[in-house]
1. In the stretch 443-466, which residue that is assigned to a helix (DSSP H, G or I) and surrounded by fewer than 17 Cβ atoms within 10 Å (Cβ to Cβ) is nearest to the chain's Cα centre (by Cα)?
2. Given (1) in contact with a Ser or Thr (Cβ under 8 Å, 6 or more places away or on another chain); (2) touching a residue at least 12 places away in the same chain (Cβ under 8 Å), identify the lone condition not met by L469.
3. Give the number of residues within the stretch 4-41 that are in contact (Cβ under 8 Å) with a residue 24 or more places away in the chain, part of a loop (DSSP other than H, G, I, E, B) and either more than 8 Å from the ligand (Cβ to nearest atom) or open to solvent by 10 Å² or more (accessible area, probe 1.4 Å) (or both).
4. Look at I46 and say whether it is in contact with a helix residue (DSSP H, G or I) (Cβ under 8 Å, 6 or more places away or on another chain), within 21 Å of H114 (Cβ to Cβ) and either modelled with pLDDT of 95 or more or of a type in the set (S, T, N, Q) (or both).
5. Working only within the stretch 280-304, note down all residues that are of a type outside the set (G, A, S), within 30 Å of D475 (Cβ to Cβ) and over 24 Å from the mean Cα position of the chain (by Cα).
6. Among the listed residues A44, A50, identify the single one that is farther than 18 Å from E414 by Cα, in the same structural domain as S86 (by TED's automatic domain parsing), of a type in the set (G, A, S) and open to solvent by less than 60 Å² (accessible area, probe 1.4 Å).
7. Would you mind telling me which numbered condition in (1) on the phi > 0 side of the Ramachandran plot; (2) within 12 Å of the ligand (Cβ to nearest atom) I62 fails?
8. Give I63, I47 a once-over and let me know the one that is touching a Leu at 6+ places or on another chain (Cβ under 8 Å), within 24 Å of G121 (Cβ to Cβ) and part of a helix (DSSP H, G or I).
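The values are calculated or read from the model by the stated rules, or taken from the named source; none is laboratory data. Bear in mind the structure is a predicted one, so any value in this text is a computation, not a measurement. In this analysis, Cβ positions are derived from the backbone assuming ideal geometry, glycine residues included, and neighbour counts consider all displayed protein chains. All accessible areas refer to the heavy atoms of the entire protein, side chains included, with ligands and DNA or RNA removed. Shrake-Rupley method; radii C 1.70, N 1.55, O 1.52, S 1.80 Å.
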Amino acid sequence: MVSRVIPVDPFDLVIFGGTGDLARRKILPGLYLRFLSGQMPEDAAIIAAARSDHDDDAYRAIIRKAIDEFVAKDKRDAKSIDAFLSRLSYVQVDAMGEGGWKELAGKIRKGMVHAFYFSVGPSLFGALAERLHKHKIADRKSRVVVEKPFGKDLASAQELNATLAQHFREEQIYRIDHYLGKETVQNLMAVRFGNMLFEPLWNAQYVDHIQITVAETVGVGGRGAYYDNSGAMRDMVQNHLMQLLCLIAMEPPNAFEPNAVRDEKLKVIRALDPVEPKDIVRGQYGPTGDEPGYIEDSENPESRTESYIALKLGISNWRWKGTPFYLRTGKKLKARASEIAVVFKDPPHSIFGEQEGRKGNVLVIRLQPNEGMNLRVTIKEPGPGGMRLIEVPLDMSFAEALGADAEDVPDAYERLIMDVIRGNQTLFMRGDEVEAAWAWTDPLIEGWQGAGTKPATYDAGSSGPEDALALMHRDGRRWREIAV
Ligand code: NAD
């Protein structure tokens with residue numbers, strides 16, 4: 001197998017917030033790796049724009065350090081790093097003022113793809129969009145990339161959409177949810193719609209339930225104050241888990257084409273049932289040993305913000321009516337593991353009689369670590385002991401199956417930035433999708449805020465609050481182990 005790298009068209013990419021954490025950790029290291037792979041054309045230019053005062057050389061030194069820190073050693077090639085850095089320049093720009101804009105305008109070349117990455121807080125989106133137009137830097141062909149969080153509720157998301165819409169058409173706006181750039185997430189679509197095997201079974205008649213887990217081991221320390229205004233529902237469910245749910249539940253689009261895919265995702269969000277309070281479990285991690293609990297990390301003794309949430313959802317459409325979707329995500333859990341598990345129903349009748357402890361088929365799509373898939377099937381236990389059934393995994397780690405090619409799989413940011421340059425919006429959220437997700441999320445948050453309920457405390461390093469186990473047990477089901 002040979003990986004194919006098709007160079008993108010020459011581009012000018014302006015990164016507002018080019019000195020920030022995201023630019024240093026993800027965007028620039030990602031661009032370097034694309035440069036190394038040969039995907040970034042020689043004459044592409046990256047222009048960092050931020051508030052602090054640097055010249056080109058000082059900025060290149062910052063990014064050299066970032067590459068040293070955030071790119072694997074075996075990918076750090078001195079000659080390539082120099083060549084990459086020579087593509088970078090820096091302009092001091094104040095989004096809220098007039099300084100620097102003329103200089104920036106002078107750097108934008110005719111005949112290139114023009115992309116503007118807003119790697120700054122959303123309060124600056126309007127000012128940036130306005131000045132890009134005022135100084136004739138952006139036009140109707142330019143692309144603009146915006147980061148999460150895209151609002152904190154429906155009203156703020158609508159406001160952001162309206163602000164951007166004053167200057168850009170929807171086809172120019174790329175709202176990043178980096179989960180959509182993950183290799184396995186796209187594999188989800190390949191597996192569902194590229195095989196005949198699964199799709200006929202992919203409905204309420206054959207699927208007992210679906211579990212989506214995004215578990216983290218880190219707490220919120222360091223960004224506790226920011227997180228405390230958000231919480232797991234806003235920070236993870238409204239965007240990442242919702243996107244995974246959409247890809248799992250959506251109808252086959254007629255083509256792998258941006259609006260066809262996004263139309264189908266939107267229909268899923270609109271078909272989500274309201275969630276009753278009894279189907280929501282919220283938690284906060286407690287202190288352990290020397291390590292602070294959520295309350296200390298958030299520096300808010302009265303905090304009622306959840307660092308964990310589990311929900312049972314229903315989708316009211318022909319395909320899914322009656323099949324529950326259980327979602328959970330949390331911080332300081334026992335392992336860093338994200339997966340989607342499709343748990344199939346038992347066969348209608350066992351010709352082998354009652355078999356103690358038998359479990360049905362489960363298709364697990366692992367997002368991290370060890371991206372891959374695992375299908376649990378029933379076979380006969382080897383040996384002469386009669387027809388005893390056991391379950392075995394048909395395990396496929398993509399890294400093993402694809403060998404060296406798996407190492408060249410670009411990370412989510414690398415892929416998404418190249419998609420922006422290619423003008424492909426399939427893996428980006430459309431404005432109406434984001435608004436529909438908030439429209440579903442808002443009443444749930446208002447519900448628990450109105451009731452004044454406090455999240456349950458759970459032990460750091462555990463699987464989450466006890467009540468989350470009960471959410472499943474009550475239905476005669478259980479969560480899968482959170483394990484690496
Ligand atoms: P940061 O605070 O580290 O960097 C902010 C950048 O914006 C700096 O380069 C700063 O110079 C620039 N800036 C601030 N005010 C400016 C102004 N008036 N004019 C011009 N430039 C200005 O922030 P970050 O962590 O890099 O995050 C950037 C955006 O990405 C935020 O919206 C954040 O929510 C989002 N995001 C960040 C991460 C992450 O891992 N850091 C992950 C997901 C989303």
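1. Result: P443.
2. Looking at each condition in turn, L469 falls short on (2).
3. Matching residues across the stretch 4-41 total 13.
4. yes
5. Result: R304, single match.
6. Answer to the selection: A50.
7. (1)
8. Being touching a Leu at 6+ places or on another chain (Cβ under 8 Å), within 24 Å of G121 (Cβ to Cβ) and part of a helix (DSSP H, G or I) holds for just one of I63, I47, which is I63.
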